[in-house]
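Everything on this sheet refers to the single structure shown next.
The values are calculated or read from the model by the stated rules, or taken from the named source; none is laboratory data. Quantities reported herein were computed from a predicted structural model and do not represent experimental measurements.
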Amino acid sequence: MQQPYHPLHEGGQQEQYYTTDYAAPQPDPQRYEQQFYTRQPGNQSGATSQPYPPQQPFSAGTPLFSPNFAFISLEPTGESKLVAVLSYVAGWLTGMLLLLFIKQNRFIRFHAMQSLLFFGGYTVFFIAFLNIIHAHIFFLSGFAIFAFVLMHIIAAIGWFVGVIGALSGKYVKLPFVGDWAERFANNNMQGTVK
C-alpha cells in the first residue's frame with residue numbers, strides 16, 4: 001500500500017514521493033550536497049567550507065516483526081526426539097544409560113529421567129507382586145494377580161504416551177513421576193546450554 005508524501009522545498013515547491021509501509025522516502029542527494037559545499041557568509045578566504053561529508057539518507061530497514069524475522073527455535077531437534085524415544089525402549093535401563101551419557105540436553109534428560117522413574121517403579125511393583133503370587137498367600141494372591149495385570153496395562157499406556165510425547169517434541173508428564181523428572185531436568189541444567 002503506497003501513501004503519497006509531499007515535502008516542501010526551498011521556495012515553497014512541493015515534490016511528491018511515494019512511500020511503502022517499510023521504507024522512508026529517499027531524498028535527492030544532490031540537494032543535500034549543495035547545502036554543505038557552498039560558500040559561507042563569514043568565510044573570508046573564499047574557499048568553500050566542508051565540515052562533514054553528506055550523511056546517508058535515513059531508511060527504516062526491516063521491521064522487527066516481519067515475516068522474514070528469524071526467531072531462535074527452542075523446539076527439540078529431530079535427533080533429540082529420536083534419542084528421547086530411545087529412553088523408553090528398554091524401560092529404566094535405557095533411561096539410566098542416557099542420564100549417564102547425555103549431560104546438556106534438557107529434553108532428553110527429562111524423558112530419560114521420566115523413563116527411569118516410571119519403569120523403575122514398575123519393576124519394583126512387578127517384583128513385589130510376583131513374590132506375593134509365588135508365596136500363595138490366600139487372600140493376597142487374588143489381589144496380587146489383579147494388580148499384576150492392571151500394572152502391565154498401566155505400563156503399556158505409560159510407554160505409549162512417553163514415546164508419542166518424545167516423538168512430538170513435547171514435555172508430556174506421566175502421573176506421579178513427571179513432576180520429579182521435570183525438577184531433575186531443570187536442576188541439573190543450571191548454567192549449561194540447552
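The single condition from (1) at pLDDT 90 or above; (2) over 25 Å from the mean Cα position of the chain (by Cα) that residue 170 fails is (2). Being of a type outside the set (Asp, Glu) and farther than 24 Å from residue 181 by Cα is a property that holds for residue 140.
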